[in-house]
Structures are given as structure tokens and as C-alpha cells.
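**Q** Quick one: the structure is below, questions incoming.
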Amino acid sequence: MRRIYLDYAATTPTHPEVVKAMLPYFTDVFGNPSSIYSYGQEAKGAIEEARSKVADLIGAQSEELVFTSGGTEADNFAIKGVAYTNEHKGNHIITTPIEHHAGMETCKSLERRGVRVTYLPVDEHGLVDPDNVRRAITDKTILISVMHANNEMGTIEPIAEIGKIAREARIYFHTDAVQTVGHIPVDVNELGVDLLSMSAHKLYGPKGVGALYVRGGTKLLPFMHGGEQERRRRASTENVPGIVGFGRAIELAKQEMDEEAERLTYLRDQLIKGLLERIDHIRLNGHLTKRLLNNVNVSVDFVEGESMLLNLDLEGICASTGSACSSSSLEPSYVLLALGLSPELAHGSLRFTLGRENTSKDIDYVLEVLPKIVAKLRAMSPLLKSRR
Amino acid sequence: MRRIYLDYAATTPTHPEVVKAMLPYFTDVFGNPSSIYSYGQEAKGAIEEARSKVADLIGAQSEELVFTSGGTEADNFAIKGVAYTNEHKGNHIITTPIEHHAGMETCKSLERRGVRVTYLPVDEHGLVDPDNVRRAITDKTILISVMHANNEMGTIEPIAEIGKIAREARIYFHTDAVQTVGHIPVDVNELGVDLLSMSAHKLYGPKGVGALYVRGGTKLLPFMHGGEQERRRRASTENVPGIVGFGRAIELAKQEMDEEAERLTYLRDQLIKGLLERIDHIRLNGHLTKRLLNNVNVSVDFVEGESMLLNLDLEGICASTGSACSSSSLEPSYVLLALGLSPELAHGSLRFTLGRENTSKDIDYVLEVLPKIVAKLRAMSPLLKSRR
Amino acid sequence: MRDVLSLYSEKVMEHFKNPRNVGEIENPDGIGHVGNPVCGDIMELYIKVKDEVIVDAKFKTFGCGAAIATSSMVTELVKGKTVEGALKISNHAVAEALGGLPPIKMHCSLLAEEALKSAIEDYLTKSKKGKARRHKENAKCKIQ
Amino acid sequence: MRDVLSLYSEKVMEHFKNPRNVGEIENPDGIGHVGNPVCGDIMELYIKVKDEVIVDAKFKTFGCGAAIATSSMVTELVKGKTVEGALKISNHAVAEALGGLPPIKMHCSLLAEEALKSAIEDYLTKSKKGKARRHKENAKCKIQ
Ligand SMILES: Cc1ncc(COP(=O)(O)O)c(C=O)c1O
Ligand SMILES: Cc1ncc(COP(=O)(O)O)c(C=O)c1O
């Protein structure tokens, strides 16, 4: 049976070119970049080359980038960093109820330590209203953190507009751009952000490496204390192969971005259209147009997400769901609930996220397989009966 | 010119077998381990296999291991974790002045937040006296953190004895075992530790992955907030290839440990003896016998470390120094100063750490080259003159 | 591709793929209705009783793979048992019969046990053969 | 293996490998002694002056690669200069002549400048041709 991977927002395969670029740094140029002998300096050079590639893609200066172990660390670093560095100035953070767990749980951890957090409302498409940001600002506000695009339902937020408001109010502005960097154009100056999180494994780079953009002049207490790596901003022996791979992945993403964007947008729209046509009682979650170009998120009435996923998996299709049952908590996706969905609909969500290897055939296959699965599950659903 | 790598304590080359084990997890089994489809579950299985290998080596249960991005994160997680979790119980930490930066800077960051830290004295060989630990305990003490073996001068601390004291006093006990795991036997129960830090790249595994052992029942607030990975103890998409590589490296270390131990001890002693014989005004730093089996640390009178390193590098030899000049601060190694060395002697230190690829020939070569370098530098040293 | 996901045992997947006794019973002697849409699991269990023996059982379930498999299994286990015997079927028995469940899915087996108890109570109440016993509260959205 | 380490420029490494003017001058006209063992850099600079022109310069240095290279370079730069001209040699000039220094090593060039100034002051004091000017304090253990 062929396998159709439609979960690129969860993670991507590392591009073979990326693996190739990484390999010498495991066994050959393996020196510690902090060492002064030439052998360590070579590794250091490779890191700096990667840094300038990443910086270049997002319109930043090399010195403004700090490599991390992934998107989660970048979010923790940014949010806790601003909170701890600016304790004397204030203790209020503005964010949204649809941030990734990495942002959300970090904010909650700060709430338990006395920080006040405002979770702005979002509309039924998941959009934040910049006016609400403006209104939420107090003289104690030290940080605004709004994600660039949501990983679950794909809505792209008005970051540039919020950036203007943050700048006027002179408040640090962080965005989690894990789902956008490498996929759509991201420019830290156009967005007006001071801090921006990235993760390599979402753009065909390796797992376990990411970066935080920190605008020049931003004071930020380190999150990882220890040695003097990353200009004393992030301790620990650098993950040289990972960083090199990240750089190479960024380079490839840049080359292919325009073409891929067009191709994936077409496939995405094909899938959305097909699903809405072939399955009744189904709805698209997230914004129709202000949307990640590879994201399809639907809620299917009367059936639960995990059972759809398992059936899809049996047919060789990898997808994802906001149903609780696929995680170790039981509440359904807080992101979908924030859009106003009922718990049933949140449990009945399915996410397909497209990527490099997908073709029209994959879409056709999903459109052939999923309606049957839904029919089978609906036949055993007590919810359907109760509506007859 | 041949290159002789004698800086295995800084980092090791990733073993080719380890790279081989990692490769499939970049491109083939690349799924997100949190996904429920079979493809993600395969990756999850690989992680759990690695976990049990690591646990097995240190006499722990699999559930007691949390993978991290390296030794630094493990130290941050352990120390900040205990401090934040036990704020209500007390605010006093006992540690040493010779911890790795990762432990040291983490403690300092806590001091800035009101935690009281006792830095125990060490004797001229770098040994902590367990009686001093006992005496330092107060009813506010929540953590004792003493490293297993020092990365710079190689002294192995009496961890098991301190473990007994900690257990009697019912105080959490952390050890940084980054330099020992995979090299000498480490058993969490024999050592009596509750928390133990490891790093893969010190044992022929990849950079950017490590682990923290957390004894069952230990309450520890997460350090990285976000998703539910690692049983909610450490968020972020797992670095699957890195973790698999760590597991494989541990397996290889276990197989080769006894033989390597004997071989390296012999080479180490050959190098120590040779250096003391061939260079006058030189002294061994650290303990003569309670010592990492691959560590040689000497101070050479009248000459500065970086200039020796550079000359060694020109001859193809990679080593390291506790001289400030090799880092971005100017103070010399706080570890060597803690032994009572004068600043000149600390600046004049050289560290050779041996590993898998070294042979007797390498030792002979160092013994041939270094005396000439020292002679050349002494000829231009104002310190030597002043003693004539 | 492996046919069986390692998250679940082979037996669970077998019941998930081919659930037994799906549907409703016309004029059932007892109906159990448990679960909660917030938690993402809703089970309906129907039983037919003759001479104190459960002669038929069917279910309808909205829920994850484990919820469907445990529903299927509990209907299998219960058929042919006396009402008293059926009351002794514990969630662990259901899980065991399925070759085990992942820890985070054990609550599904509890739900199946509750659905059964609830159906039997319904039967006992209707048939006035016993006083209504309070069945346990529905599982909260919490992992047991 | 590359002959030149990328931490330092080729020029720095060249002076490090073959430092010029190592040693002491017997009966020097001025000695500069700067640095501090705590910071790991100690420089001694000797000058010989004839008709207000520095005709010879030598050094002894305990320190890192940059310290040795800047010592070597400053002795080269100073030879043949008048005392007044030599006083104008800045640390930046020394660093520039070496093809640049890594930022964290700029303090070494400052030390070289100070060693030179100190030697000239010593000369001026001894020769009573000027009042002793206070030379700047030794660099603290801090990166400039
Ligand atoms: C929007 C967003 N932020 C943060 C993360 C966390 O990144 P990582 O898994 O690299 O820690 C993810 C993905 O997991 C994400 O989609
Ligand atoms: C004793 C010790 N602890 C901690 C670390 C930090 O480990 P890592 O570089 O993996 O963060 C090191 C090495 O750098 C070390 O030697």
C-alpha cells in the first residue's frame, strides 16, 4: 500500500540535501566550535554560515539570531526572557488563546508566578483584532505575543498591524513563526517584531534545532545558563550538524518557495473543495483566504477524530486531529474551541497539511477514501441517531 | 601533517555506527512521535528503545529518563526545576566552585532571584569533603549539586558518600555526570543521586542531545513548557535521530568500556609521566588517582595557555587550556583558581583528554613537540626573567 | 505498512476494524447511555434479557479507537451472561480481553463498564425487579 | 591542515610564529611594563633612543597569540619613529597593521599601546626631558 503523508505541519522529512550537508559535521569536522584550534574554528565557521543564511531569509542581521533546540525553546526563551528581564517594568503579557502549546504553557507557567496574562479573543475564523491588542495594553504591559500562523487551523494573523501598535506603545512584540518561515515570505522588519521563533523540522530541516530572532538592542536574560556560546545568549555546545542542516534547509526553502507556494495552494484548494462536495455535514475551520497555503482543517459532524485517523492510517494516509483522544489529555483542541466550535465538532476535526511530496493523486485518494470512512463511523454514531 | 585530537572532553566525533543508526530517522522514519498513525509510532518506538538503553547503562528505569538538548539543559532543568518546585520548602542550594559553567551559571542565575547558594571549598586536588556537605546543610536546603567528575582537571568526587548524606537529610541530590557516563561505571543507585545529567556528544554520540535522570517520585517543574512530550516533563518535538544516536552510542560505550578504560589509563599515565620528565617547572592539576582515565591537566610555569595551544595546533595537535585567553572573558579558569593555583599557573594550564583514536604514537608526538614549544615561549616570557 | 498500529494491540485494532454488534435493538430491555461530548466519548449500549440472561447486546459509539473497541468487546462479553454475572464484568476484564490498552486509554474501558452497568440498571428499574441502584457518575474528562 | 587559524588573520599568525624583536635591550633608554597576571597578559617593552628617534625596540611577553603578535608588531612600527611620532601610534593602528584582531582580542592591542607609552614615559622621565605623564591604568580584566 502506498503511504500518503499529509501531516507536514507536524513535522517534515529532512531533505536528502540537508542530510548530505550535515554528514561531514558528525565525523569529520566534529570539533567544538568554542575551541580555538583550527579544527574547532572550522565548525564555528559552518555555524556562522548557517546563521547568515537564516538571517538573510527573514531580513535580519546575523547577530540577531540565536540558535536553539527548536521552536519550543525559542518560545520559552522569548517569553520567559522578556518577562524576567522586565520584571521591574511590569508584569502583564498580551497573547491569544490559539498559541501553540509552547507559547500557551509558557504563559501559564508565568501566570503561576504572578504574571498577568490577557488572552485576546479571536473571531470564528481565528483572527485576532489588532484593535483588541491596542485596548488590552496597560502601563504594565511588557510583551505582546501573537503567533504568525496557527499550526492547527492555519489562520494567518495580522502581525504587521499588531507590530505597528506594539512599536508605538514601545512594547516588545514576539511572534511564533514556526509554521511560516520557509513557507511564505517572513520579514522581521515588515512584521515589526522584536522576537520571532523558528523550528527547522517544519521546513525540511532536522528535528532538535531552531532559532530565536532577537532584534538588536533587545535585552533578554538567557534561558539556558552555562557556557558562552551564542554570544552568551544560549549556553550549550552547539548542535553543529543540526545548525548546518537548518541553514541548508533554509537555502532550499528560499529557492523553492514561490513554486511550492503555487503548487500547494492549488492542491489545498482542490482538497477543500472536494471534501466539502463529497461529505455532508462538514465544515472548514480557520480562515478561507488568510490561511497557510498547505493547511486543510475540517470538522466532520457526528464522528470523532481519532477513529477517522486510525481508519485513514489503515489506508496509508497520515493526518492529524484536534480531538483530545489523540493526546494524553481528554479535552479537545483549545484552538478549535476558541473559534466557538462545540466540543463534538472539535473532537470531529481532521487536519491535512500538504508538502513537498504530495501530488494531485494524493488528493484524489483522500477524496476517495475519507467519505467511506465517515460513512462507516457515522453508522455507529449515537450522535447521528439522536438528530434523526 | 597528521592531526592528533586530544580534546575528547570538549567533544567527540560521532561514531560512524551511531551516524548509521541515525540516518533512517531523518528521511525514512521521520514521523512525529506524538502522532498516532503507525508512522509516528515507529519513531516513538525508536525513542523508547534508546531510552531503555540509556536507562540500562546507569541502572535506572526507562521512565526515569528525560531526553534534553544536551548537558547544559539537563543541568538547568535539574537545578532550576528543584529550586522552583521547592520554593515553599526552602531556598538554599549547596554546590561546589568547580561545577561546569552549566551548573555554575544556573546557580548564579538563581542567586540573582534570591536563592542562597553555598559553594563548598575543595582541596588542592579538587576534592570535596563530604563532611563539609553535611555541615553546610540547613533546614532551608533543598538541593545538593556536586559534579561526578570535573571536566577540566578530571578529579572524581566522592558522590556515593555525599549521596548517603543527602539521603539521610532527605535533600535532593543532583550530579553532573556528563564526563563520566559512558566512560566509567555510573549507577544512580550506588551513587544515591536523584538527578543526573548526561550529554551524548561526550561519548561519541551526536551534539544537541542529552538526558536528565529523574528518580521516580521526584517532583520537578518542567524547564521547557509546551507540548506533552516526555511524559509532560520536557516539551518540544523529540530529536528522534539524535535520541536514537544517543542510544546507539551508549550501547557501544557499554561494549567497549572496560577495554577502553584500560587502554586510556595506560596512555594517560604515559603522557603524565612523560610531561613531568621532559618539562621542568610543570605540575599536574587535579587528583593523581581519583581522576578521569582520559584526563591530563598540567600547568606550565612562565607561559600562557593559548599561545601553547596555537603552537600545538600548528603542529596538528588539538588540546585545550584553562587560560582566559581562550574564551571571551579574561579571568582564568575558576576551577583551577579554586584549587589554589596562582593566576599565572591557571593561565599556563594545558588539558589533554584522550579518546578512541589515540595511540601511543600520539603521546610520543606530544612529548616530542611540547617541550620545544615551551622552550620557545619561555624564551620570550618576562615572568621567567623576573625569577632569574 | 504494518497493519497493526503499535499504539493499540492487535486485538484492539481487530475490534476497531470489525466492530461486533453495532447498532440498536428495537424495544430493548435496557439502555445505557454514558459519556460526554466534552471528553469525546459517547456510548449507547442496548441489551435484550430473557430469563435473567442477556441474549443480545448492541452499541453505538462516538469516540476514539479504544472507545469503539471496548464497546465492541463489552457487547461480546456480555452475551449469554446472566444479569448478575454481567454486573461483575469490570473495565479491567474488558481491557484484558482486548490484549490491554495504553494507559491513557484505560478510561475508555471504564466507560464501557459504566455503559453496561447503566443498561442493566435500566433493565432492573423497568422490570421492577430491583430497586434502582445509582450507577457511578460518568467519567470526568480526566485520565484514570 | 590549514596553516592559518581562522580565529586570527594570516598576519597575526605570521607574527605569532615568527615574532620580531624578542628579547631585552641592555641598558635601555626606556622600559614599559604593563599587564597583570590575573588577566593573563604581561608585556615588557624596551626602547633605545638616539636623537629623539627610537633606534631599537624589543619585547618580552607572557600572553596569548594576539598579545605576542601585537608586541611584535608594535616593536616593528616604532623603530625609526621619533618619540613624538611613536606616541601617536594607537592600538587601532597596531591592530590594523596586523590585518585586524577578533573583537575579544582588541584589548591586547591596547596593552601594546600602553606598553609603548609606558616605555616612552620612562624614557622621558629618565632623560628629564619632560615631566612624567601618568600613563593610563593597566587594562582591567575586561574586554574593551
Ligand atoms: C506554531 C508552533 N510553535 C512551536 C512549535 C514547537 O516547535 P518544536 O517542536 O520544534 O519545539 C510548533 C511545532 O511543534 C508549532 O507548530
Ligand atoms: C561536566 C559538563 N557538564 C555540562 C556540559 C555541557 O554539556 P552540553 O555541551 O551538552 O550542553 C559539559 C560539556 O560541555 C561538561 O563537560
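**Q** Would you please name the residue that is nearest to the other protein chains (Cβ to nearest Cβ), looking only at residues in region D:47-75 that are in contact (Cβ under 8 Å) with a residue 12 or more places away in the chain and out of contact with any helix residue (DSSP H, G or I) (no Cβ under 8 Å at 6 or more places or on another chain)?
**A** Once the filter is applied, the top-ranked residue is D:T75.
**Q** Next question. Can you tell me which residues in region D:27-63 are at positive phi and part of a strand (DSSP E or B)?
**A** The one that is at positive phi and part of a strand (DSSP E or B): D:G35.
**Q** Of all helices (runs of 4 or more DSSP H) completely enclosed by region A:1-114, which ones contain at least 3 residues that are away from ligand 1 (no atom under 16 Å from the Cβ) and closer than 24 Å to B:G31 by Cα?
**A** It comes to A:16-22.
Yes/no per residue for (1) surrounded by fewer than 24 Cβ atoms within 10 Å (Cβ to Cβ); (2) touching a Ser or Thr at 6+ places or on another chain (Cβ under 6 Å); (3) in a loop (DSSP other than H, G, I, E, B); (4) not β-branched (V, I, T):
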position	(1), (2), (3), (4)
A:E344	yes, no, no, yes
A:R351	no, yes, no, yes
A:N358	yes, no, yes, yes
A:D362	yes, no, no, yes
A:Y365	yes, no, no, yes
A:L370	no, no, no, yes
A:V374	no, no, no, no
A:R378	yes, no, no, yes
A:L384	yes, no, no, yes
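**Q** I've got another one for you. Mind checking whether some residue in region D:31-41 is within 14 Å of chain B (Cβ to nearest Cβ), closer than 23 Å to B:E304 by Cα, over 10 Å from the mean Cα position of the chain (by Cα) and of a type in the set (D, E, K, R)?
**A** For region D:31-41, residues within 14 Å of chain B (Cβ to nearest Cβ), closer than 23 Å to B:E304 by Cα, over 10 Å from the mean Cα position of the chain (by Cα) and of a type in the set (D, E, K, R): present.
**Q** Consider B:S69 carefully, then state whether it is in the same structural domain as B:D194 (by TED's automatic domain parsing), hydroxyl-bearing (S, T, Y) and buried (at least 23 other Cβ atoms within 10 Å of the Cβ).
**A** In short, yes.
**Q** Please count how many residues of region B:47-103 are within 25 Å of A:G208 (Cβ to Cβ), away from every other protein chain (no Cβ under 14 Å) and within 16 Å of ligand 2 (Cβ to nearest atom).
**A** Residues meeting the conditions: 3.
**Q** With the requirement that a residue be under 21 Å from D:P19 (Cβ atoms) and either over 11 Å from the mean Cα position of the chain (by Cα) or crowded, with 21+ Cβ neighbours inside 10 Å (or both), what does region D:83-92 give you?
**A** Residues satisfying the conditions are D:A86, D:N91, D:H92.
**Q** Next up: Between C:V78, C:V22, C:V83, which is within 23 Å of A:D301 (Cα to Cα) and touching a residue at least 12 places away in the same chain (Cβ under 8 Å)?
**A** Only one candidate qualifies: C:V22.
**Q** Does D:G99 count as crowded, with 17+ Cβ neighbours inside 10 Å and either within 14 Å of chain B (Cβ to nearest Cβ) or in contact with a Lys or Arg (Cβ under 8 Å, 6 or more places away or on another chain) (or both)?
**A** For D:G99, the condition - crowded, with 17+ Cβ neighbours inside 10 Å and either within 14 Å of chain B (Cβ to nearest Cβ) or in contact with a Lys or Arg (Cβ under 8 Å, 6 or more places away or on another chain) (or both) - is not met.
**Q** Can you list the helices (runs of 4 or more DSSP H) lying wholly within region B:206-323 that have 3 or more residues being modelled with pLDDT of 95 or more and β-branched (V, I, T)?
**A** Output list reads B:240-278.
**Q** Take the residues in region B:7-21 that are among the small types (G, A, S) and under 22 Å from the mean Cα position of the chain (by Cα), then tell me which one is farthest from the other protein chains (Cβ to nearest Cβ).
**A** Checked region B:7-21; the qualifying residue farthest from the other protein chains (Cβ to nearest Cβ) is B:A9.
**Q** Out of (1) in contact with a His (Cβ under 9 Å, 6 or more places away or on another chain); (2) at pLDDT below 95; (3) buried (at least 19 other Cβ atoms within 10 Å of the Cβ), what's the single condition that is false for D:V38?
**A** (3)
**Q** A further question on this structure: Can you find even one residue in region B:246-261 that is within 16 Å of ligand 2 (Cβ to nearest atom) and closer than 25 Å to B:H88 by Cβ?
**A** no
**Q** Considering only region A:193-207, I want to know if a residue exists there that is crowded, with 24+ Cβ neighbours inside 10 Å, within 16 Å of ligand 2 (Cβ to nearest atom) and hydrophobic (A, V, I, L, M, F, W, C).
**A** No, region A:193-207 has no match at all.
**Q** Oh, and also: For the condition more than 9 Å from every other protein chain (Cβ to nearest Cβ), more than 18 Å from the chain's Cα centre (by Cα) and within 15 Å of A:G70 (Cβ to Cβ), what is the one hit in B:E230, B:E259, B:E277, B:E238?
**A** B:E230
**Q** Among the residues that make up region B:301-309, is at least one of them over 30 Å from B:P185 (Cβ atoms), polar (S, T, N, Q) and surrounded by fewer than 22 Cβ atoms within 10 Å (Cβ to Cβ)?
**A** no
**Q** Within region C:42-60, can you find the residues that are surrounded by 18 or more Cβ atoms within 10 Å (Cβ to Cβ) and either over 24 Å from A:S307 (Cβ atoms) or among the charged types (D, E, K, R) (or both)?
**A** If the condition is that a residue be surrounded by 18 or more Cβ atoms within 10 Å (Cβ to Cβ) and either over 24 Å from A:S307 (Cβ atoms) or among the charged types (D, E, K, R) (or both), then C:E44, C:K48, C:V49, C:I54, C:K58, C:K60 are the ones that fit.
The values are calculated or read from the model by the stated rules, or taken from the named source; none is laboratory data. Just so it is clear, the structure is predicted and the values come from calculations on it, not from any experiment. Virtual Cβ from ideal backbone geometry, glycine too; neighbours counted across all protein chains shown.
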